[in-house]
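Below is one structure, written out as structure tokens, with a few remarks after it.
The values are calculated or read from the model by the stated rules, or taken from the named source; none is laboratory data. Just so it is clear, the structure is predicted and the values come from calculations on it, not from any experiment. As a convention, Cβ positions derive from the backbone with ideal geometry for all residues, glycine included, and neighbour counts pool all protein chains shown. Remember, those area values only see protein heavy atoms, side chains included, never the ligands or the DNA or RNA. Shrake-Rupley method; radii C 1.70, N 1.55, O 1.52, S 1.80 Å.
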Amino acid sequence: MPWGHEEGVRLKVLVVGGGGREHSLAIALVASPTVAEVHLCPGNAGTSIIATNHDCSADDVDAVVILAEQLSVDLVVVGPEAPLVNGLADILRQRGIACFGPDADNAMLEGSKLRAKQAMSNNGVPTAEYQILRSDSDIDSALDTYSGNPWVVKRDVLAGGKGVVVTSDRQVAREAIIAAIDSDGEVLLEEFLSGEEASVLVVMDESGYVCLPASQDHKRLGDGDSGPNTGGMGAYAPAPVFTDEVRRKTIDRIVKPMHEDLRNSETPYRGVLYVGLMINSESDPFVVEFNVRFGDPECQITLPLVETDLAQHLLAAAQGRLVEEEVRFLEAHCLTVVLAAEGYPGTVVKGRRITGTGSRSQDGEHRSVSWVNHAGTGIVEGELVSTGGRVLSATGMGPSLSEACEAAYRLINGIELEGSQHRSDIGYRAL
Ligand code: AMP
Ligand code: GLY
């Protein structure tokens, strides 16, 4: 029997990161009957109550490795992409520590949009056409090629979800292209895809893959999908746009070929591949982006739908034996509404007091009617305060999407943070 899998052996897990995604991972892991201890670096106010936070930045790869060794953890679960791109998983595996999250080379699927495009092309995966522009490119002729629709300008760097400009204003597109070439040397100009978006989280290793229930994120700041792109203002799952037909096509055209490629890569991919889809009016899925981690806030509404033991599934994937796991999902719906600080997604005001969260986030209770996922929160002199752009999200769960939605809004409407913003229409496409 694989190590860490025997009867009675309970796991010590380290979660890397401190956002809403990591709080939701911590909640699910704390609830696991096979987990003894959950540690986070750095965590947030929510995780400090249900698990143990460590004063160590998720971006400091060496410090995370030292912490994992000091704690003698059985499993490291990496939340954000940056430490993966910087080789955290590679080092942990060299030291014999199981890590859920891919090696640095595979993490470039998110670290470079161009690399992702090349992987899609090699595997025949449907995606938007694109051109690469550099300082000697004819920008106007490239803009002409894709005129008639909004222009999509993508920086080829990790930009925390803020490296993409979608605009119908030629001058704005032109300026975004020039700014990106100035700072990065090159930029992608992409064909605009119309349709409805969905996110599919695919847990995989060399032995197999498991698609989690599809979700839909709301990336624009304002109601009705207006305003600038953000890291995500709310999400729900399952997303009805991901019909059986779309699911079949997504698996055949995208998941299977990508899995076949990634399981045979020099270091097999062990972690979750986030497949961001645009689904057109013919129900054909196209890949908008790959991420090499759980989505935030998609994670917060997907993990509660996993009925079976998440800790064992993540450990199995980290050890290359996911195929042995039976993963089941609940027949339920989950919806989360993000509360962002004043100024988000630009320069944000931090350090303001938050009230009204009650104890919902603090008891670690898994799958109640509603709970708070902390993100940019901290405790200063015993008070809960904001420390980031996306401060928290209110999550509701229920037998229908409308019940989950009502529960989430009931909770968020009781939370106060001066200057805060949240969307009032999360889930509108499905409700
Ligand atoms: P990305 O970081 O690549 O996911 O892009 C952020 C957001 O921009 C996506 O979630 C979409 O809403 C939008 N987007 C990106 N690429 C395209 C495209 N080719 N066509 C239409 N919208 C896009
Ligand atoms: N919610 C989008 C992302 O995590 O990239």
Residue among 398, 389 that is in contact (Cβ under 8 Å) with a residue 40 or more places away in the chain, in contact with a Pro (Cβ under 8 Å, 6 or more places away or on another chain) and open to solvent by less than 20 Å² (accessible area, probe 1.4 Å): 389
Residue that is touching a Gly at 6+ places or on another chain (Cβ under 7 Å) and within 16 Å of ligand 2 (Cβ to nearest atom), where the choices are 101, 111, 163: 101
Residue tally, condition away from ligand 2 (no atom under 13 Å from the Cβ) and either closer than 28 Å to residue 88 by Cβ or open to solvent by less than 30 Å² (accessible area, probe 1.4 Å) (or both), over the stretch 257-282: 17
Those residues of the stretch 111-136 which are assigned to a loop (DSSP other than H, G, I, E, B) and either touching a residue at least 24 places away in the same chain (Cβ under 8 Å) or of a type in the set (Val, Ile, Thr) (or both), in sequence order: 112, 123, 124, 125, 126, 128, 129, 135
Subset of the stretch 177-218 (residues that are over 18 Å from residue 242 (Cα atoms), of a type outside the set (A, V, I, L, M, F, W, C) and part of a loop (DSSP other than H, G, I, E, B)): 185, 191, 206, 207
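Would you please name the residue that is farthest from the chain's Cα centre (by Cα), looking only at residues in the stretch 221-235 that are away from ligand 1 (no atom under 11 Å from the Cβ), part of a loop (DSSP other than H, G, I, E, B) and not small (Gly, Ala, Ser)?
Among residues in the stretch 221-235 that are away from ligand 1 (no atom under 11 Å from the Cβ), part of a loop (DSSP other than H, G, I, E, B) and not small (Gly, Ala, Ser), the one farthest from the chain's Cα centre (by Cα) is 223.
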Considering residues of the stretch 212-224 that are farther than 20 Å from residue 330 by Cβ and more than 14 Å from ligand 2 (Cβ to nearest atom) only, the residue most open to solvent (accessible area, probe 1.4 Å): 223
Residue in the stretch 336-345 that is open to solvent by 30 Å² or more (accessible area, probe 1.4 Å), part of a strand (DSSP E or B) and of a type outside the set (Asp, Glu) present: no
Residue within the stretch 236-252 that is under 20 Å from the mean Cα position of the chain (by Cα), closer than 18 Å to residue 120 by Cβ and of a type outside the set (S, T, N, Q) present: yes
Residue count for the stretch 292-334, restricted to those that are open to solvent by 40 Å² or more (accessible area, probe 1.4 Å) and either within 16 Å of ligand 1 (Cβ to nearest atom) or within 25 Å of residue 86 (Cα to Cα) (or both): 1
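This table checks each residue for (1) among the acidic types (Asp, Glu); (2) open to solvent by 30 Å² or more (accessible area, probe 1.4 Å); (3) modelled with pLDDT of 95 or more; (4) within 16 Å of ligand 1 (Cβ to nearest atom).
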site: 74; (1), (2), (3), (4): yes, no, yes, no
site: 80; (1), (2), (3), (4): no, no, yes, yes
site: 83; (1), (2), (3), (4): no, no, yes, no
site: 120; (1), (2), (3), (4): no, no, yes, yes
Test: residue in the stretch 197-220 that is within 16 Å of ligand 1 (Cβ to nearest atom), farther than 17 Å from residue 295 by Cα and modelled with pLDDT under 95: no
